[in-house]
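Enquirer: First the structure, which I've put down as structure tokens, then a few questions once you've had a look.
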């Protein structure tokens, strides 16, 4: 309900599609708001598949569409700032704001396109290779930029995305082969190939992130199995697009921060 209140107070979003993938019946009273369309799935169909239900409803209706996780909250003015920015530049297909934890610390959610080694080291070898992982994150998470300026990023987090719907018409919706986790990598890089995918630091939202795959073995298995599907699609060691895009992004950003 907190997120719905934030959306309502912004005065900028006409319609909210709330897709309920939970197998548990919930009290729907709080969703009976005039701007909310509540859709109950008969099973948990996954992150991307769930969002695609809403996207198919709005593709020919709305110019823009937000993807927002339920553990998000923000000041009402932030929505208007994001819509204003994407509305001023037709080359932007996807926009993400600055994302912070509830304590105000920054979440480093602007990333290069990952390789298998990036994910393995970060997830399983952080302890023994802590210094190496930390150094790698300076580049992989673009930490060296300070996250203070707008920048083009090939992998933006799915916790909060603002799409130009024409970009989705051009590249397609979320790939439903992925139940959860790599769908945001996949859709960002597809949009990045045709449009700008932009981090916008002049709007800020709070993400009360739990990192479930670090706590729950079932979620870890879902994460690993879906990343295998992702690398089977795009390439494990040989991914020419990954190498080209990452090199171009790093060269451009590092030239600005020398």
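Enquirer: How many residues are within 14 Å of residue 18 (Cα to Cα), under 17 Å from the mean Cα position of the chain (by Cα) and surrounded by 14 or more Cβ atoms within 10 Å (Cβ to Cβ) when one looks only at segment 54-70?
Expert: 7
Enquirer: So is residue 65 modelled with pLDDT of 95 or more, in contact with a helix residue (DSSP H, G or I) (Cβ under 6 Å, 6 or more places away or on another chain) and closer than 18 Å to residue 172 by Cα or not?
Expert: yes
Enquirer: Tell me, yes or no, whether segment 22-33 has at least one residue that is surrounded by fewer than 15 Cβ atoms within 10 Å (Cβ to Cβ), at pLDDT 90 or above, out of contact with any helix residue (DSSP H, G or I) (no Cβ under 9 Å at 6 or more places or on another chain) and not in a strand (DSSP E or B).
Expert: no
Enquirer: Here are 237, 185: which of them is crowded, with 19+ Cβ neighbours inside 10 Å and either out of contact with any helix residue (DSSP H, G or I) (no Cβ under 7 Å at 6 or more places or on another chain) or assigned to a helix (DSSP H, G or I) (or both)?
Expert: Result: 185 is the single residue among 237, 185 that is crowded, with 19+ Cβ neighbours inside 10 Å and either out of contact with any helix residue (DSSP H, G or I) (no Cβ under 7 Å at 6 or more places or on another chain) or assigned to a helix (DSSP H, G or I) (or both).
Enquirer: Further, regarding this structure: Take residue 51 and tell me if it is closer than 21 Å to residue 176 by Cα, touching a helix residue (DSSP H, G or I) at 6+ places or on another chain (Cβ under 6 Å) and at pLDDT 95 or above.
Expert: So residue 51 fails the test.
Enquirer: Right, residue 253: on the phi < 0 side of the Ramachandran plot, in contact (Cβ under 8 Å) with a residue 40 or more places away in the chain, in contact with a strand residue (DSSP E or B) (Cβ under 8 Å, 6 or more places away or on another chain) and surrounded by 19 or more Cβ atoms within 10 Å (Cβ to Cβ) or not?
Expert: So residue 253 fails the test.
Enquirer: Examine segment 114-127 for a residue that is touching a strand residue (DSSP E or B) at 6+ places or on another chain (Cβ under 8 Å) and either surrounded by fewer than 13 Cβ atoms within 10 Å (Cβ to Cβ) or not in a helix (DSSP H, G or I) (or both), and state whether such a residue exists.
Expert: yes
Enquirer: Can you spot a residue in segment 207-224 that is modelled with pLDDT of 95 or more, buried (at least 17 other Cβ atoms within 10 Å of the Cβ) and within 16 Å of the chain's Cα centre (by Cα)?
Expert: Looking through segment 207-224, at least one residue is modelled with pLDDT of 95 or more, buried (at least 17 other Cβ atoms within 10 Å of the Cβ) and within 16 Å of the chain's Cα centre (by Cα).
Enquirer: Is there a residue being modelled with pLDDT of 95 or more, touching a strand residue (DSSP E or B) at 6+ places or on another chain (Cβ under 9 Å), crowded, with 19+ Cβ neighbours inside 10 Å and farther than 19 Å from residue 7 by Cα anywhere in segment 73-93?
Expert: Checking segment 73-93: at least one residue is modelled with pLDDT of 95 or more, touching a strand residue (DSSP E or B) at 6+ places or on another chain (Cβ under 9 Å), crowded, with 19+ Cβ neighbours inside 10 Å and farther than 19 Å from residue 7 by Cα.
The values are calculated or read from the model by the stated rules, or taken from the named source; none is laboratory data. From a predicted model like this one, the values you see are computed outputs, not experimental measurements. Cβ coordinates were reconstructed from backbone atoms using ideal geometry, including for glycine residues, and neighbour counts include every protein chain displayed.
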